[in-house]
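What follows is calculated from the coordinates using simple rules that are stated; it is not laboratory data. Quick caveat, the model's predicted, so the values are computed rather than measured. All Cβ positions, glycine included, derive from the backbone under ideal geometry; neighbour counts span all protein chains shown.
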Amino acid sequence: MKKELMLYLHVPFCVRKCHYCDFLSAAHPMEKRSLYVKALQREIRERGKEYSGRIVTSVFFGGGTPSLLSPAQLLELMTAIRETFELSETAEITMECNPGTAEEGKLRGWREAGVNRLSIGLQSMKDEELKILGRIHDRETFLRTYEQARLAGFTNVNVDLMNALPGQTMQSWKETLEEVLALEPEHLSVYSLILEEGTEFFEWNGQGRFTGSLAIPSEEEDRAMYAYTGERLARAGYAQYEISNYAKAGRECQHNLGYWTRKDYLGLGLGAASLLGSVRASNETDLDRYLADPLAGRREEILSRKDQMEEFAFLGLRTIRGISRREFYSLYDENVDALWGEVIRRNVADGLLLDDGEFIRLTKRGLDLGNYVMAQFLLD
Amino acid sequence: MSQIDQSKIRNFCIVAHIDHGKSTLADRIIEQTGLLTSREMQAQVLDNMDLERERGITIKAQAVRTVYKAKDGEEYIFNLIDTPGHVDFNYEVSRSLAACDGAILVVDAAQGIEAQTLANVYLALDHDLDVFPVINKIDLPSAEPQRVIEEIEDVIGIEAQDAPLISAKNGIGIDEVLEQIVQKIPAPKGDANAPLKALIFDCVYDSYKGVIVFCRIMEGSVKKGTEILMMATGAREEVVEVGYFGAGQFIPCEELSAGMVGYITASIKNVKDTAVGDTVTDAKNPCAEPLPGYKKVLSMVYCGIYPADGAKYPDLRDALEKLQLNDASLFYEPETSIALGFGFRCGFLGLLHLEIIQERLEREYNLDLVTTAPGVVYKVHKTNGECIELTNPSNLPDPSEIEFMEEPIVSGEIMVTSEYVGSIMELCQERRGRYLGMEYIEGTRALLKYELPLNEIIYDFFDALKSRSRGYASFDYDMKGYEQSKLVKLDILINKEEVDALSFIVHADSAYERGRKMCEKLKDEIPRHLFEIPIQAAIGGKVIARETVKAMRKDVLAKCYGGDITRKKKLLEKQKEGKKRMRQVGNVEIPQKAFMSVLKLDDRD
């Protein structure tokens, strides 16, 4: 059987930068976009040579705003992928899409190029919340994009949502959630806001602008929203399978699951990260340098056995399934309990971990305090 | 070389308030006497410890010898003896002054006289030194040399009309300073043929030479082979080498004779044998009596010092041992704390001395430390007639066994511009000061005299003084003695467990206030845990204040995509590292800096 590989393609363009976003993206001019697509193709073909024997099971176009790519540009990229790798017939091919950047024709074009899963960045159904976030769309725009995606034939759609936003209340969150559930997407990602250093949000918060009617929900309110989300989605038939991800049966995102189970992935494009066996790599992060030579400026880090085991543990704990003792033993020829027996016992006693003998997973409270638990799985 | 004409020697020091330019003037004198070229000069030759340079103060007295060709055509030997400028080192200052025949008083042309200037000048005059003033920083826009000259004449009562107006920083007026050193500082007197009588004013430990004794020869002479006797400590050794001080190096010579300043080495292994202020004499032909003024140095401030990582205890012990080789005023003995494990109770001359040692341990010996709140030495009179000197609050006997307690009192002088007199008096009042009087100096400035309990000034008094006078107040103090006082031990309970390292002694009247602030402070310092943590302050088992650290509710990263893994891991590592720097008390983890919380309770500013 051929070795599997997942591909991530980064598209660093946006119409404009959102106020909370710290991803590698910016509002680059049109000419840069087409140059970038050319450079990315070159990287796919050149870099891909080393992995030509692999079978690609997942392709993910992330950003930035990949939906700014025209169907023709996307086709060029997919063609490069097909000509370089063996693409599995059942491969999950996801495209991130921002409301207002795609109409039905464009969406059909992507489908024809092979995209079979759409991830729409809604964030909120409340226009005032979207405005504070700096999103370019409103509720209406989203509803139109969602409808056109269905018309274009997408049957596997994710909707991204955010909570713990400035000014958000439990009430407004419930209303967002109900409206989205009425649309019956196959998958939901719900992230609670993180104030990342270097973003406008971080700065505004430092200036004390998130107070009064724009107050960021307290830790207590944040957790109440999180708990409500889990319960409400379960009732609607969505199972939680990771800290922030929920899906209808069989609709879990294979690509993201791959990250959490440490499958091999090749990141292509500006700043993209890869995990290839024991090597973690990340691409050049300066756009002009990348355009000049998309193969240069890549940094590689060899992961020690210890690094790999630690990652296995803390990434595995993000999933609701948890860490498998058997899988760990087969990968590292070592027992989970020999390394973390004491940590597991302690956290089980504190009510943060569940241990069924084979799997070790976070409890409800453990999900709230994931970092606290995961930090204990780092080895000395 | 050995026959030096005493009339061609000038032994002097420079006295000044911190920042008035003492070290810079010393550098210029060394530079312009041509001992070193500009290229060889480090920025500040006399201060050769990194730490000193950063703090802008001189910690240990040192000396340098230079040769100056005066306008009269003669060559003069200058021995410049540097003195520490801080009140913690008053005794060392007095010994350095005793090694001199005169002093240069440096006064900042903009700032004028400050409390420390006065204290140092009076100390110099007490030692019968001839003092001549120099007005520095005359190139500052705010300089008022004439006003400062009048101030010196009015306040100190020394002639200042022909004081050189200089800028040490920019090399202005240095020639005049050099000439005045020759003219105004008297040459040493002393019979070179009398029995040896030399004053120790400093010593350093060198791993090759052993202890190097810095001394001023008052009478007689010393050379290689002389069997010397330290009159106070009784140590006897044969001299291996004598010499004088080049800039930053020791230059051996044949003999040191009356009037000279230099060093002696004699394979002395223990710095304790060479006490500053002691008299060195010839063991076979001793002088009749030692020089006056020798005092045994006493620790004024104590605190517990513990390694953050318990396994580093031996490293801490070795580091303290090495530091003590060079600093006989540092005291330490092992102690054990329930909260902190094995460590040391250390004694210091004052809070600055404490901070310097702490920083040197961390910087030069790479140790991560937990320091407990500093305290003074209390005298505890027990009902059975016994009196104990208490340096660690944990050792306070049961209240039923205590008859009464005494605390050390200092007499302090604060110099401040008149607009801040009110707020400084208020501060002294809050710190249980006893007002003794006030003198006005030239209308705009006042000298306040107070008696203050030492334990009220070792915490944050200096900071409070500065912030309440916008930096204009300066302070100097002397030990006065012990007085009976109503003192209690304040205990801190974290999650119902008493944390011994957080206990401190406080005056009964301020116990409630301190306890409340301490709880508030600790509430901010202790991170949220899985459970709620009560923090209580108690006196003799009675709780007087309480705060609560709420249970942790959220500690999770919502998003973790492929590229984020390295960053995510760094975050977890940081979290884990943070835990290592905590101390486990019961099931609560307390960060290191929480143990110093008591130091920062004056948050009204």
Legend entry - Residues of type aspartates and glutamates that A:LYS126 reaches as a straight line, Cα spacing below 15 Å, ignoring anything fewer than 8 places off in the same chain: A:ASP138, A:GLU140, A:ASP160, A:GLU175, A:GLU178, A:GLU179
Inset, instruction - Using only C-alpha atoms and all pairs of different ones, pull out the Kirkwood radius for the stretch B:284-400 in Å with one decimal. - result: 16.0
Inset, instruction - Would you kindly calculate the translational diffusion coefficient of the stretch B:484-532, applying Stokes-Einstein with the Kirkwood radius from alpha carbon pairs, for 25 °C and a viscosity of 0.890 mPa s, and quote it in µm² s⁻¹ without decimals? - result: 205
Inset, instruction - For each of B:PHE462, A:PHE85, count neighbouring Cβ atoms within 10 Å of the residue's Cβ, then give the residues from fewest to most. - result: B:PHE462, A:PHE85
Inset, instruction - Return the whole-Å distance between the Cα centroid of the stretch B:497-531 and the Cα centroid of the stretch B:95-172. - result: 46
Legend entry - Descending semi-axes in whole angstrom, ellipsoid equivalent of the stretch A:11-84, from the Cα gyration tensor: 25, 14, 11
Legend entry - Under the Karplus curve 6.51 cos²θ - 1.76 cosθ + 1.60, θ = phi - 60°, whole-Hz ³J(HN,Hα) for the stretch B:282-297, x wherever Gly or Pro sits: 7, 4, 8, 9, x, 6, 5, 8, x, 5, x, x, 6, 9, 7, 6
Inset, instruction - Restricting things to alpha carbons, find the Rg to Rh ratio for chain A using the Kirkwood radius for Rh. - result: 0.96
Inset, instruction - Return the whole-Å distance between the Cα centroid of the stretch A:39-57 and the Cα centroid of the stretch A:279-295. - result: 15
Inset, instruction - Have a look at A:GLU31, A:GLU83, A:GLU184 and tell me which one the Gaussian network model of chain A (Cα, springs below 10 Å) gives the largest fluctuation. - result: A:GLU31
Inset, instruction - Return the ratio Rg/(2.2 N^0.38 Å) for chain B, where Rg is computed over Cα atoms only. - result: 1.07
Inset, instruction - May I have the pair-distance distribution P(r) for the stretch A:283-325, computed from all Cα-Cα distances with 10 Å bins from 0 and rounded to whole percent? - result: 25, 25, 23, 23, 4
Inset, instruction - Would you kindly derive the ³J(HN,Hα) couplings of the stretch A:190-198 from the backbone phi angles with the Karplus curve 6.51 cos²θ - 1.76 cosθ + 1.60 (θ = phi - 60°), listing them in order in whole Hz, with x for Gly and Pro? - result: 10, 9, 8, 4, 10, 7, 8, 4, x
Legend entry - Computed over the stretch B:207-288, Kirkwood Rh from alpha-carbon pairs, angstrom: 12.6
Legend entry - Using θ = phi - 60° and Karplus 6.51 cos²θ - 1.76 cosθ + 1.60, couplings along the stretch B:510-521 (whole Hz; Gly, Pro as x): 9, 4, 4, 4, 5, x, 5, 5, 4, 4, 4, 4
Inset, instruction - With no solvent and one equal point scatterer per Cα, compute the Debye intensity ratio I(q)/I(0) for the protein assembly as shown at 0.04, 0.07, 0.09 Å⁻¹ and report its log10, rounded to two decimals. - result: -0.32, -0.82, -1.02
Legend entry - Rg(Cα) / (2.2 N^0.38 Å) computed for the stretch A:118-232, rounded to two decimals: 1.10
Legend entry - Ordering of B:283-296, A:34-47 by packing [mean C-beta count within 10 Å, highest first]: A:34-47, B:283-296
Inset, instruction - Taking only the C-alpha atoms, wrap a convex hull around the stretch A:277-352 and report its volume per residue in Å³ as a whole number. - result: 127
Legend entry - Under 5 Å, built H, 5+ apart or other chain: amide partners of A:LEU268: A:TYR8, A:LEU9, A:HIS10
Inset, instruction - Would you mind estimating how fast the stretch B:92-137 diffuses translationally, via Stokes-Einstein at 10 °C and 1.306 mPa s with the Kirkwood radius over Cα pairs, in µm²/s? - result: 146
Legend entry - Cross-link pairs B:LYS296/B:LYS322; B:LYS554/B:LYS580; A:LYS263/B:LYS559; B:LYS496/B:LYS550; B:LYS322/B:LYS466 - those with Cα-Cα distance over 25 Å: B:LYS322/B:LYS466
Inset, instruction - May I ask you to give the average projected area over all directions of the convex hull of the Cα atoms of the stretch B:506-547, in nm² rounded to one decimal? - result: 3.1
Inset, instruction - Return a whole-number percent for the relative contact order of the stretch A:1-80, with Cα pairs under 8 Å and 6 or more residues apart as the contact set. - result: 51
Legend entry - Anchor A:LYS49: aspartates and glutamates whose Cα lies under 13 Å away (excluding residues fewer than 8 positions away in-chain): A:GLU83, A:GLU86
Legend entry - Under-5 Å amide H pairs with A:GLY63, H placed in peptide plane, nonlocal only: A:VAL11
Legend entry - Label point at B:SER267 placed 7 Å out along Cα→Cβ; residues across the stretch B:223-242 whose backbone nitrogen lies under 12 Å: B:225, B:237-241
Inset, instruction - Enter the mean number of other protein chain beta carbons within 10 Å of the beta carbon of each residue in B:570-582, as an integer. - result: 3
Inset, instruction - Given a cut-off of 26 Å, name the pairs among B:LYS521/B:LYS576; B:LYS8/B:LYS197; B:LYS189/B:LYS224; B:LYS521/B:LYS574; A:LYS306/A:LYS364 whose C-alpha atoms lie farther apart than that in the structure shown. - result: A:LYS306/A:LYS364
Legend entry - Residues whose placed amide H lies under 5 Å from that of B:TYR76, excluding near-sequence neighbours: B:TYR68, B:LYS69, B:ALA70
Legend entry - Candidate lysines for bridging to B:LYS22, where Cα separation is under 16 Å - those fewer than 8 sequence places away on the same chain excluded: B:LYS60, B:LYS137, B:LYS169
